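Here the structure comes first, spelled out in structure tokens, and everything after it is commentary.
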Amino acid sequence: MKIHIILCTFLTLVTVQAAETVKPSQRPNVLVIVADDLGYSDVGFQGSKDIPTPHLDRLAATSVRCTNGYVSHPFCSPTRAGIMTGRYQHRFGHENNPVWLPEDTKQGLPLNQITLPELMQKAGYTTGAVGKWHLGAHPQFHPMKRGFAEYFGVLGGGHIYFPNDKGGAEYTIPLNRNGVDEPQKKYLTEQFGDEANAFIQRHAAQEKPWLLYLAFNAPHTPLQAPESWLEKLTSITDKSRRTYAAMVCALDAAVGQVLDQLETTKQRQNTLIFFISDNGGPNLAGKSGTNFTDNSPLRGAKGMVYEGGIRVPFLVSWPEKLQPGTYDQPVTSLDILPTAVTLAGGEIPQDRIIDGVNLIPFLSKEKSSAPHDTLFWRTHGPKGNHAIRQGNWKLVQLIGGKAQLYDLSTDVGESKDLAAEKPEMVTQLTSAIEEWGKGTVPPVFESPKEIKRPLK
Ligand code: CA
């Protein structure tokens, strides 16, 4: 009897402790992980055969995998401007990459835009960013001026990976911690993993939930990888592909560390994680002359408005509330802001158009309708390259070319142009693009150099 009572008391204590650990009523932490220039098929959960990514696959196994997940731009900085605002970046002229020019007050995320971390801070969240910023070099554009309470990373559009490697001015700037320069210590992807770990550990015991924006610059060029990973990938004979694969493996390992830390600190269940790439894999020939990224089965690459530039690996994981599985309706990186801010109990700005939507009712199957009727893409300004997706119809209008029409339900590779067969659909989608364009402005700054993009 006595033993029984003791046992019961013990069990009660255990139950109470478990309940406190899970904290079901608490608002979730939000972790946004962004890879840079990752090919559509270059992770295990997207079907890669030659690049092992056990940790990202582990994340995918607890995620809703969005099979029609898009970013709002086919290259770096504008996609990030979309993530930060929940708005088509064309609405405020952020359609190009800013040049690395710390005295320039124009080239960066316009100061009249309200950002995701600002909204999360207002809702009572601790906010931190680790990694690539690429939203302006002038001090006024620093992450800590845009809503992040903590920052560690590279402020430009990319960086050398090993300390003391050679590279251009933007790629060799010192790392930046909370506004102060700091020398690089180790392989950059590992360092970003360490810093994300430290953030998660630091804020685990606090009452406030947190937002962490973890933006790896990997596997963006330069192709530089640790020997320890290269040795494991000798089955890949193309040297550029092998190095790129090793960079993806290092990214995978860093994500694994982060997942472990979330589990160790008992925060995994109630952390909402997004994982995306900021654009498709680039079409860059390695030393062998073949492209070292793989966007198959999609057409095109980084810089292009074909699916290969804009459709990306896209995971949403929240073990406490979302059943793992797949979701096939189109979703976009613009949805990150309204999803996070709604869960945080924050306020979505009412004085401007927010193009993203809260995805949770859709991913949980509470709502069966599509989150978006139509999605738009545009590069090179109002007279530039356009694409629109409405249902399964996709129209591509390139500079100087005729409108192309594809049915993505049967032709995800955009190989059979149906424009001549469906002129009424071409007219409908062309006028939808024109209408959308009225809510946009021309770019407020130009990219420092043209993105290489074969217009095929
Ligand atoms: Ca990129």
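Observations on the structure shown:
- Test: residue in the range 96-118 that is within 30 Å of residue 438 (Cα to Cα), part of a helix (DSSP H, G or I) and in contact (Cβ under 8 Å) with a residue 40 or more places away in the chain: yes
- Test result for residue 2, of a type in the set (D, E, K, R), at pLDDT 95 or above and either within 16 Å of the ligand (Cβ to nearest atom) or out of contact with any Lys or Arg (no Cβ under 6 Å at 6 or more places or on another chain) (or both): no
- Subset of the range 404-423 [under 25 Å from residue 41 (Cα atoms), surrounded by 15 or more Cβ atoms within 10 Å (Cβ to Cβ) and of a type in the set (Gly, Ala, Ser)]: 413
- Cβ-Cβ distances below 6 Å connect the following pairs, each with a first residue in the range 311-331 that is on the phi > 0 side of the Ramachandran plot and of a type outside the set (D, E, K, R), a second residue that is open to solvent by less than 10 Å² (accessible area, probe 1.4 Å) and not in a loop (DSSP other than H, G, I, E, B), and a separation of six or more residues or different chains: 325/64.
- Selection from the range 193-222 of residues that are open to solvent by less than 10 Å² (accessible area, probe 1.4 Å), away from the ligand (no atom under 15 Å from the Cβ) and outside any strand (DSSP E or B): 193, 196, 199, 200
- Yes/no for residue 295 being in contact with a strand residue (DSSP E or B) (Cβ under 7 Å, 6 or more places away or on another chain) and either within 16 Å of the ligand (Cβ to nearest atom) or assigned by TED's automatic domain parsing to the domain that holds residue 170 (or both): no
- The helices (runs of 4 or more DSSP H) falling completely within the range 238-356 include none with 2 or more residues that are surrounded by 22 or more Cβ atoms within 10 Å (Cβ to Cβ) and of a type in the set (Phe, Trp, Tyr).
- Filter pass, residue 401 being within 29 Å of residue 123 (Cβ to Cβ), in a loop (DSSP other than H, G, I, E, B), touching a residue at least 24 places away in the same chain (Cβ under 8 Å) and open to solvent by 20 Å² or more (accessible area, probe 1.4 Å): no
- Candidate set from the range 357-379 (those that are closer than 30 Å to residue 443 by Cβ, touching a residue at least 40 places away in the same chain (Cβ under 8 Å) and not in a strand (DSSP E or B)); member that is most open to solvent (accessible area, probe 1.4 Å): 370
- Any chance residue 152 is in the same structural domain as residue 34 (by TED's automatic domain parsing), within 29 Å of residue 55 (Cβ to Cβ) and open to solvent by less than 10 Å² (accessible area, probe 1.4 Å): yes
- Residue-level analysis places residue 93 outside the set of residues that are closer than 30 Å to residue 26 by Cα, open to solvent by less than 40 Å² (accessible area, probe 1.4 Å), assigned by TED's automatic domain parsing to the domain that holds residue 199 and not β-branched (Val, Ile, Thr).
The values are calculated or read from the model by the stated rules, or taken from the named source; none is laboratory data. Computed from a predicted structure; not experimentally measured. Cβ atoms come from the backbone with ideal geometry, glycine included; neighbour counts cover every protein chain shown. These area figures cover heavy atoms from the full protein model, side chains too; ligands, DNA and RNA do not enter into them. Shrake-Rupley method; radii C 1.70, N 1.55, O 1.52, S 1.80 Å.
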